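What follows is calculated from the coordinates using simple rules that are stated; it is not laboratory data. In this text, all values refer to a predicted model and were calculated from it rather than measured experimentally. For neighbour counting, all protein chains shown are included, and Cβ atoms are generated from backbone atoms with ideal geometry for every residue, glycine included.
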Amino acid sequence: MSSPIIWIIYPVIFSLFLWILRQYTVFVKISAVVFCGSLLLTGLLLPINTFINIGTFSFEISDELLILGRRLVLDNNDQQAILFFYGLATFWFAGTITIEINEHFVPIALSIVALFISAIAVEPFLYASILIEICVLMFIPIILWDRKTVEQGVLLFLVFQTLAMPLILLAGWSSGGFEANPTDQALLQQTLVLLGLGFAIMLAIFPFHSWLPVFVRQNHPYITGFILTLQPILVLFLALDFLNAFVWLRNFPQLFEGIRWIGLMIVVITGFLAAFTQDMGRMFGYAVMLENGFAILALSLGNQIGLNILVLSFIPRVVGLSVWALSLSVLKYMPETGFAPLIGSIRNHPIASFALILAGLSISGLPILPTYPIHLMVFENIIRLSLNHAVLIFLGTVGFLVGILRMIRLLVVSNQKEWLFGENWSQIFFLTGGIGMMLIFGLFPKLYFPLLLPILNAFEYLP
Amino acid sequence: MDILVDDPRRYPASRRKYSLSGNLLSTACLVILLVTSLIILISKNWRITILALVFQYVGVFGLVSLIWPLTLAAVKLIVGWMACSIFSTASILEMREAETEDELSGNLFKIISASLIWVFVLILSPELARLISIPIDIARGSLLLMGIGFIQIGMNQDPMKIIIGLLTVLAGFEILYAFLEASILVTGLLALVNLGIAFIGSIILTLPNMEESI
């Protein structure tokens, strides 16, 4: 028995089983939650590479699996990442119980989570970019299955993510080449351009961001929310892998300053776009962009504090975006109708509307909500480096907040006098749970700090 | 001209001596790629497009077989043909009509764009070959397909054309990457990516209102 079999192979097999039974939607959803929960528990209880004695029976879970001459390795350092991804999957699949969603979503999403784990496990780590691409390719049919036509956003998503993969692979080869031959300046430039382009396309960084708001606007929010929450986190893992693997890269003097400018650009442009958008359906896409911007700013600090902030930002991101996506799904936001059903929805879906408002304010970084400490830490550290940069971040955040306030205005302005509760009991349960989590993580952020910080153990050479 | 790839740190997968220039096979492959990529760019008839794609993968196979063992290089050919068969099946299922409208100006524009790509390929391939130390024919074939693929993606709104453009870009990349990395796992994963893209293309083609949206 090895850890990749438990956390990669079994989930893929189980997802196939669920896909066969997909017409029993409630069974499939509950089974996926229970299965991911059990994988989470297994990750908590079973140490890797240690003999476990149960009575007279003893066994060891080894950390590697050989596939086609390459290794998949999940050791104790990766265990926290496994817990994070399966925790997220449990949380996300639980939300599907209460909403109408494509029957293919849960089984395929479970395979995607397993592939994400394999992207963390694969050695050399460069191949992760191909696995991310395969995840994208598995994800697109979920969107297309119940559609009558293909939208531009889906095609753009496919094209951009596919074009990013070769760039990352070539950047990896080139980085290795430069490490062997550090005097080759042409190779250095080539590597930096390939790396920059690859990550910019994957993380929807300006000017490659155009697909993101369109993609979100045109598809089911809970389905797109899933991939847009997980995929950037995995891409950030890949970026950390690059920094961890290549000493020249993390010691390159202008690298972190360059990354900071990119982060600033994302935050400012997102703020500008969010403040002036006429289509509130795009706000979810801007929320993902803002979170990416702050994650990149945290990375740009180039020290242990920055890395800590980066991994700590994962839970606020997941909680905020998942509650946002769930609220939109409960409010029956559909690509065909756009934002229209949400106008004045506070009178007929008060809890979902309140959850949506709270999620929006959380991503904006308002106090007592989970993203606030993360944004504050980024802001504090950037202000020490440059006051101008801090001002730009502030302006970007204010721009996004303006967009959220405009969205709130749409939700609350209504001619309807009476209050109706359009949500059913399970929706009220999950939405209240989401609101509760946001408030708990906002008020007591140190609750989740010990869960996330050990993720950095996997990157042994980073500060 | 001989190119000796002998730096084990940078080229662990392919420490071999190549003498490709003047090689009949590589020249033939380049000609195939040149012709097929142009047909894919211009043709509006799905049968001709898919047939050109079939021959394009023969060209890719020819170039990759100069670097890899024939059995491994055959993976590219088989996967490419599988992708083509997925496409053609979906097209037949949808009874996709041949679009035979003669748009002279559009075709002329595409030919001019393709000619520009050829010029860029001729200019850039020696530089790429020097930078990555790869044989110049590999650089030419790779850049040609990537360039034409980019034009195909950028100049079309038809999802099928865009998907074929993506496959063309990937084919170009795979020629290049075959020289840099000879891992079986990567070959398998890239094969999965190609088939996945073709599969998505087939789903898109069979969507109920697809004909209206094109």
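Laid out as a table, the results:
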quantity: For peptides A:44-51, B:146-153, sequence by mean Cβ density within 10 Å, most packed first; calculated: B:146-153, A:44-51
quantity: Alpha-carbon Rg with Dmax, taken over segment B:16-207, Å; calculated: 16.2, 50
quantity: Low-density loop positions, GluC sites (Glu not before Pro), segment A:342-425 - DSSP coil, at most 15 other Cβ in 10 Å; calculated: A:Glu418
quantity: Segment B:107-208: Rg to Rh, with Rh as the Kirkwood radius over Cα pairs; calculated: 1.03
quantity: The protein assembly as shown - Kirkwood radius from inverse mean 1/r over Cα pairs (Å); calculated: 26.2 Å
quantity: Highest to lowest packing among A:7-15, B:173-181, scored as the average C-beta count within 10 Å; calculated: B:173-181, A:7-15
quantity: DSSP-defined beta bridges in the protein assembly as shown - what % are antiparallel, rounded to 5; calculated: 95 percent
quantity: Segment A:101-162-segment A:248-308 distance, computed between alpha-carbon centres (Å); calculated: 23 Å
quantity: Karplus (6.51, -1.76, 1.60) ³J(HN,Hα), θ = phi - 60°, over segment B:131-145, in Hz, Gly and Pro reported as x; calculated: 5, 9, 6, 10, x, 5, 5, 5, 4, 4, x, 5, 5, 4, 5
quantity: Segment A:323-405, Rg to Rh (Cα coordinates; Rh as Kirkwood inverse mean 1/r); calculated: 1.10
quantity: Dimensionless Rg ratio for segment A:1-123, taking C-alpha atoms and the 2.2 N^0.38 Å reference; calculated: 1.10
quantity: Kirkwood hydrodynamic radius over Cα pairs of segment A:131-277, then Stokes diffusion coefficient at 10 °C and 1.306 mPa s, in µm²/s; calculated: 96 µm²/s
quantity: Inter-chain Cβ neighbour average for residues B:176-182, partner chain, 10 Å; calculated: 3
quantity: Translational diffusion coefficient (Stokes-Einstein; Kirkwood radius from C-alpha pairs) of segment A:329-463 at 20 °C, 1.002 mPa s, in µm²/s; calculated: 124 µm²/s
quantity: Restraint check, A:Lys29/A:Lys332; A:Lys29/A:Lys446; A:Lys29/B:Lys76; A:Lys148/B:Lys161, Cα-Cα greater than 29 Å; calculated: A:Lys29/A:Lys446; A:Lys29/B:Lys76
quantity: For segment A:156-165, Karplus couplings with θ = phi - 60° (6.51, -1.76, 1.60), whole Hz, Gly/Pro x; calculated: 5, 4, 4, 5, 5, 5, 5, 6, 5, 4
quantity: Packing-based order for A:71-80, A:451-460, using average beta carbon neighbours within 10 Å, highest first; calculated: A:71-80, A:451-460
quantity: Charge tally in the Cβ shell below 15 Å around A:Met202, where Lys, Arg are +1 and Asp, Glu are -1, A:Met202 excluded; calculated: -3
quantity: Euclidean distance between Cα centres, segment B:113-163 to segment A:392-463, Å; calculated: 45 Å
quantity: Test item: A:143-155 mean partner chain Cβ contacts at 10 Å; calculated: 4
quantity: Shielding of A:64-76 by partner chains, average beta-carbon count, 10 Å; calculated: 2
quantity: Spread of Cα-to-Cα distances over 10 Å intervals beginning at zero, given as percent, for segment A:51-178; calculated: 10, 29, 34, 18, 6, 2, 0
quantity: From phi via Karplus (6.51, -1.76, 1.60), per-residue ³J(HN,Hα) for segment A:92-106 in Hz, x at Gly/Pro; calculated: 5, 5, 4, x, 5, 4, 9, 10, 7, 8, 3, 5, 7, 4, 4
quantity: Charge dipole magnitude, Cβ of K and R +1, D and E -1 - chain A, Cα centre, debye nearest 20; calculated: 1100 debye
quantity: Per-selection metrics, segment A:151-458 (Cα): Rg and Dmax in Å; calculated: 19.9, 73
